[in-house]
Amino acid sequence: MNSSTFLRNALVGIVVSFLPAAAFGQLVIPNLGVNAGPAGNVSTSITVNGANIGVGTQADINVLGQLGVNVGAGVNVGADGTIPGVPSLPGSGVVLGSGGSAGGTAASISLLSPSSSLVFSDAILDTLSNSSLPSPISQRFVAFQGISAATRDIGARLLEIRTGQYVGLYEMKLNNEFGEPFESEGKNAVIVTDDDTWWEIYAQGDLFDGEIEEFGFADSLDISTYVGTLGVEYHPNYYQTLGFAASWIETDSSLGNNLGSSDISGVALSLYGSWYDGPLYVDGLIAYGWLDHDISRRAPNNLSALGATESAAWNFQFNTGANFSFHQFVTGPYLRAEYTNGTVDEYRESGAGLLNLDVEGQDYDSLSSQLGWQISLPIETPRGTIAPHLRAAWVHEYLNDSNLVGASLVSFPSNRLTAQSVKLDDDYAVFGAGVVLSRNNRMTLSADYEILVGDEITNQAASLSLSIKF
């Protein structure tokens, strides 16, 4: 078989030019049934369909398809000896097939040596971006849930204050030490005055489980968050509450299609206050949290790319509403506005060979409102109060933008990978239920469950809290 016939039938879609085999490794050609032998002599300056293709002498051509490299066949070769849309190695003339799969692209790249000037085609960059960037993109969502979980912890505490512990029972508190007989029921009652002052400490644990059903190439993202909170409150009277809380956050996440996972831990500190002047109330909260991320990503070459970074976020909340007495029930509307601003630092991966990434830093913002209605039923007992409660709300997100997330290959820094972050729903429904148990207005135990539902996301949260007044 002469050289011209060989190239015309077997080397469609790949060009070898002035590159010794030692510089490029093994060149694998699609399995077209041709066995070229280990050292096929290819003459220089051969013309194929009008294209002048220069090739090096003694080019090593290996038996076909053994490494599974996805090299496109049937590609039109341009007059300048290059293949349109396919990357060319500067100074070598070697043209790689663009490939159609992440594995094929990874195998092609594995044949190369690190280069600061090599630029891949858009087709290769798109393939790498789709398979590599879901992990960096997920870090912003995981960080956001961690901070949101901690501040929801405080929100549940404020809800507890309004649901049965004070609201609806303001004029009558059972007490076995102070008070005078209440004529209509023959029980001991406390006449509350504005100068009653006390402190309260509480501990709360929360479990959050979330799923984003559509997360780009990963298909899904599952997030589990655990929060433990210790707080102290000062109550200058029954109208006002000032509090400080510290929350420990642990979050585990996993991407679909086995594309990676992350473990996140950190702390959030919160200052908050509540003011009630029946039936209206106003709450405010400001929180700051910082998290450490340990990241594992499955690279297209099936190696684990490991990274570590940090994130931080501010959270601001404003709540207002009204509680009205209706027979034995306490019910009314509420409105919440919440803003979160966070950053995820840049980081560099290791462990994935030529496919390690330098991931760029990210910023994220969320502004949401929640409009709902709540109802509770404070029930007095000889030992205290039981107050079951229900609520339902509509949540709207105002800053649901899809931002660009970027990274570059450590071994080929001229190649920047980009992808849009996942855009979630704008509107959600929230349903919650719980119960507050208050023993003689000194010790309070509460439990709460909440579910948030959207077209592509579901979040569930459960909490348990114990507070002691002194």
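The values are calculated or read from the model by the stated rules, or taken from the named source; none is laboratory data. Owing to the predicted nature of the structure, the values given are computational and were not obtained by experimental measurement. When we count neighbours, we look across all protein chains shown, and the Cβ atoms used for this are built from the backbone with ideal geometry, even at glycine. Just the protein is used for accessible areas: all its heavy atoms, side chains included, with ligands, DNA and RNA removed. Shrake-Rupley method; radii C 1.70, N 1.55, O 1.52, S 1.80 Å.
May I ask you to compute the full-extension gain from THR343 to TYR449, defined as 0.36 nm times their residue separation minus their alpha-carbon distance, rounded to one decimal in nm?
Details: separation 106, 0.36 × 106 = 38.16 nm, distance 2.94 nm.
Gain on extension, THR343 to TYR449, equals 35.2 nm.
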- Roughly what percent of Cα-Cα pairs across segment 356-417 reach past 15 Å? 73 percent
- At a temperature of 20 °C and a viscosity of 1.002 mPa s, determine how fast segment 291-421 diffuses translationally according to Stokes-Einstein, using the Kirkwood radius over alpha-carbon pairs as Rh; express D in µm²/s, rounded to the nearest whole number. 113 µm²/s
- Note on the structure: Working note, segment 400-470: Cα radius of gyration (Å, one decimal) and Dmax (Å, whole number) are 22.3, 69
- Message: Given a Förster distance of 25 Å, report the FRET efficiency between ASN302 and TYR226 from their Cβ-Cβ distance, rounded to the nearest 0.05.
- Response: 0.20
- So for segment 263-325, using the alpha carbon gyration tensor with a ≥ b ≥ c as root eigenvalues (a/c under 1.5 gives rounded; past that, a/b versus b/c decides prolate or oblate), I'd call it prolate
- On average, how much area does the Cα convex hull of segment 296-342 cover when viewed from any direction, in nm²? 6.9 nm²
- Query: Rounded if a/c is under 1.5, else prolate if a/b beats b/c, else oblate: with a ≥ b ≥ c from the C-alpha gyration tensor eigenvalues square-rooted, which is segment 274-361?
  - Reply: prolate
- Task: Kindly state, to the nearest 0.05, the FRET efficiency for LEU269 paired with THR320, given R0 = 25 Å and r defined as their beta-carbon distance.
- Result: 0.60
- When the accessible area of segment 320-470 is split by element with a 1.4 Å probe, what percent falls to carbon and sulfur? 61 percent
- Item | Among ALA392, SER408, TYR428 the positive-end extreme of the charge dipole of segment 386-437 (Cβ point charges) | SER408
- Item | Extension reserve of the LYS423-SER116 stretch, reckoned as 0.36 nm per residue once the Cα distance is removed | 107.2 nm
